[in-house]
1. Check off (1) open to solvent by 50 Å² or more (accessible area, probe 1.4 Å); (2) outside any helix (DSSP H, G or I); (3) within 14 Å of Pro107 (Cα to Cα) for Val10 and give me the number that stays unchecked.
2. So Pro137 clears everything in (1) farther than 23 Å from Asp155 by Cβ; (2) open to solvent by 30 Å² or more (accessible area, probe 1.4 Å); (3) at pLDDT 95 or above except one condition, right? Which one?
3. Across the stretch 26-49, which residue is nearest to Asp105 (Cα to Cα) among those that are in a loop (DSSP other than H, G, I, E, B) and not hydrophobic (A, V, I, L, M, F, W, C)?
4. Out of Leu100, Leu89, Leu85, I need the residue that is within 21 Å of Pro137 (Cβ to Cβ), aliphatic (A, V, I, L, M), open to solvent by 20 Å² or more (accessible area, probe 1.4 Å) and in contact with a strand residue (DSSP E or B) (Cβ under 8 Å, 6 or more places away or on another chain). Which one?
5. Could you tell me whether any residue of the stretch 152-159 is assigned to a helix (DSSP H, G or I) and either under 27 Å from Ala53 (Cα atoms) or touching a strand residue (DSSP E or B) at 6+ places or on another chain (Cβ under 7 Å) (or both)?
6. For residues in the stretch 31-76 being of a type outside the set (A, V, I, L, M) and open to solvent by less than 20 Å² (accessible area, probe 1.4 Å), which is farthest from Val181 (Cα to Cα)?
7. What are the pairs with Cβ atoms under 7 angstrom where one residue, in the stretch 152-170, is within 18 Å of Pro140 (Cβ to Cβ) and the other, located anywhere, is open to solvent by less than 80 Å² (accessible area, probe 1.4 Å) and of a type in the set (D, E, K, R)? Sequence gap at least six, or different chains.
Amino acid sequence: MSAPIVNAVVLAAGRSRRMGRPKPLLPVDDESFLQRVIRVLQEGGCRAVIVVARAGDDDVVRQAEEAGAKVVVNPRSDGEQIESLRVGLSEIEDDAVAVLVQPVDHPLVTVETVGAVLEAFRRTGAPIVCPVYRGVPGHPGLFARRVLSELSEPDLPHGARSVIERHRDEVVEVPVRDAGVIANVDTPDDFRRLVSGAC
C-alpha cells in the first residue's frame, strides 16, 4: 500500500524586521535557509512544498522555484502568521491527507525529523503531530486534513496554536534528538550563534 500523500507549507513571508535582512536568504552551510528547508521537507517525504512569500521578494521566489517548490504570495504579509498559513493551505494538492507547516526561520530541522513526524502520522492517524526536543514542542507541525478547516476559523487568538490546544488530548508528540526543531533564528545574535555552531 502506498504511503499517504503529505504536502508542506513553508512560511517565508515575514518582514524580518528584527533580523534586518530577509531571513529566507540567510546562508547556512552552502545553502540559504529557504533552500535548506525545502530540500529537507522534500527528502523527508513531502510530495509537494508550497512556499508563502512576500510580494516583491523576487530572490525568494526564484530560489523556491529552482528548488522545485510552488510559490504563492501573501498580499497581506504584514498581518499575523496564520494569514500566511491560510494562503499556503489554499494551494495544497487535492489528494494530500496532511500538511507539514515549517517556518523558514527554523532552518536546522533534519530530514530524519521530518521522516519521524510523517511516520508517526502514518502509524497513528492523529490529527496533529509535532516533534519534541527535551520536552519542548517544535517545528514542523503536521495537521491532518480533517482539522485544516479549523485553521481558517476567524477567531484564533493564538493562531495555529489555538487549534493545537483544542486537540491537546489527540496530539502525538514525537521525541527527537534534533535541537533544530526549537532553534528559531530571529535576530542577528541568533544568526551569529547558528554560524558559530551554538544553536
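The values are calculated or read from the model by the stated rules, or taken from the named source; none is laboratory data. Please read all numbers here as calculations on a predicted model, not as lab measurements. Backbone-built Cβ (ideal geometry, glycine too); neighbour counts: all protein chains shown. Side chains are part of the model used for accessible areas, which takes the heavy atoms of the whole protein and leaves out ligands, DNA and RNA. Shrake-Rupley method; radii C 1.70, N 1.55, O 1.52, S 1.80 Å.
1. (1)
2. (1)
3. My answer is Asp29.
4. Leu89
5. yes
6. Applying the filter and picking the extreme gives Asn74.
7. What qualifies is Val163/Glu150.
One line per residue, one yes/no per condition, for (1) at pLDDT below 95; (2) open to solvent by less than 20 Å² (accessible area, probe 1.4 Å); (3) under 20 Å from Leu41 (Cα atoms):
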site	(1), (2), (3)
Thr113	no, yes, yes
Thr124	no, no, no
Val132	no, yes, yes
Gly159	yes, yes, no
Glu170	no, no, no
Asp186	yes, no, no
Ala198	yes, no, no
